[in-house]
Amino acid sequence: FHREGDRFTAEARGGAARVEAVVFPDGAVFARKREAAEGEDGERALASIARALKEDCARSGARVLSWEREADADWNRQLIAAGFEIHRRKIFVRRDLTTLGQVESPFAWKTLAEIGDEEFLGWLTRASEGDPFEEGEPRDYEREYKELLEHAGEKLDRHLWRVALLEGEPVGVVLPLSFGGDPPEGTLSYVAVLPSCRKRGIGQRLHRAGLALLAEAGIRRYVGSTDLRNEPMARVFSKNGCETVREQLFFRVP
């Protein structure tokens, strides 16, 4: 293993196999490039890298990310053979916003630009409570909000990040974000409904209203993702015309 910052390279058996990987801030490892010689030598060399990665992750608790696709099938099998298990799955979706049409939104809005960071964070925190798909230590909402702002960077439009109200009462939050590109792409960095307002179909309407906000801002394609266990969000995607384009696997050492 050769490490340099957030990247590392692993080679085995005199170069019979080579893996180039990136380590994300949360410690997750993604093998972005893999090469192996043909035949048994290449297979054994790649297997030895997977075993070494397993020992490293067993010590650190890190996860390994991969894609559920034919190009990654051999690597995924090597990870399982080395002792990893598939811990969870995440789906990625997209939608053509040029076909969205007119959206009748039932919501009134308070924008981040109007109410400021402190009040917005308060509603974001309330809407985030009780998320069954968050794992690990108790959540630090201020840190998470700061990370959302840092991720948005110069593309943040404070008029687009909004608190949604029904009959004058806040019911949720939606955070549209443009990526730019050609055609222009965007996402909803976060969509959440207050616990007291859930199971009333508000999530689907809020997501669709968020798509409309993106379309009004000139975004032509929406991309999004969710944990596959989050069946309500997966249903929202389906009902709002999003198609699944790929699936991500999260491997961990049992």
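Taking the stated definitions as given, is T125 buried (at least 16 other Cβ atoms within 10 Å of the Cβ) and free of Cβ contacts under 8 Å to residues at least 24 places away in the same chain? So T125 fits the description; yes. Of note, A192 satisfies the criterion of being among the small types (G, A, S) and in contact (Cβ under 8 Å) with a residue 60 or more places away in the chain.
If the condition is being of a type in the set (D, E, K, R) and over 22 Å from the mean Cα position of the chain (by Cα), then the range 113-128 contributes E114, D117, E118, E119.
Of the residues in the range 46-67, not one is more than 19 Å from the chain's Cα centre (by Cα), over 30 Å from S238 (Cβ atoms), assigned to a loop (DSSP other than H, G, I, E, B) and of a type in the set (D, E). Being closer than 27 Å to T99 by Cα, open to solvent by 50 Å² or more (accessible area, probe 1.4 Å), in contact (Cβ under 8 Å) with a residue 24 or more places away in the chain and touching a Phe, Trp or Tyr at 6+ places or on another chain (Cβ under 7 Å) is a property that V163 lacks. Within the range 75-121, the residues that satisfy the criterion of being free of Cβ contacts under 8 Å to residues at least 12 places away in the same chain and assigned to a loop (DSSP other than H, G, I, E, B) are G101, Q102, E104. Summed over the range 54-73, residues that are out of contact with any Cys (no Cβ under 9 Å at 6 or more places or on another chain) and either surrounded by 14 or more Cβ atoms within 10 Å (Cβ to Cβ) or of a type in the set (S, T, Y) (or both) total 11.
Of the residues making up the range 220-236, those that are in contact with a helix residue (DSSP H, G or I) (Cβ under 8 Å, 6 or more places away or on another chain), touching a residue at least 60 places away in the same chain (Cβ under 8 Å) and closer than 19 Å to R205 by Cα are R221, Y222, G224, T226. For the range 184-207, filtering for residues that are among the charged types (D, E, K, R) and either in a strand (DSSP E or B) or at pLDDT 95 or above (or both) leaves 2. For the range 180-215, which positions are within 19 Å of R235 (Cβ to Cβ), open to solvent by 40 Å² or more (accessible area, probe 1.4 Å) and of a type in the set (S, T, Y)? Y190, the sole residue that qualifies.
The values are calculated or read from the model by the stated rules, or taken from the named source; none is laboratory data. Fair warning: this is a prediction, and the values are worked out from it, not measured in the lab. Because the Cβ atoms are built from the backbone with ideal geometry, glycine has one as well, and the counts that use them run over all protein chains shown. The area values use the complete protein model at the heavy-atom level, side chains included, leaving out ligands, DNA and RNA. Shrake-Rupley method; radii C 1.70, N 1.55, O 1.52, S 1.80 Å.
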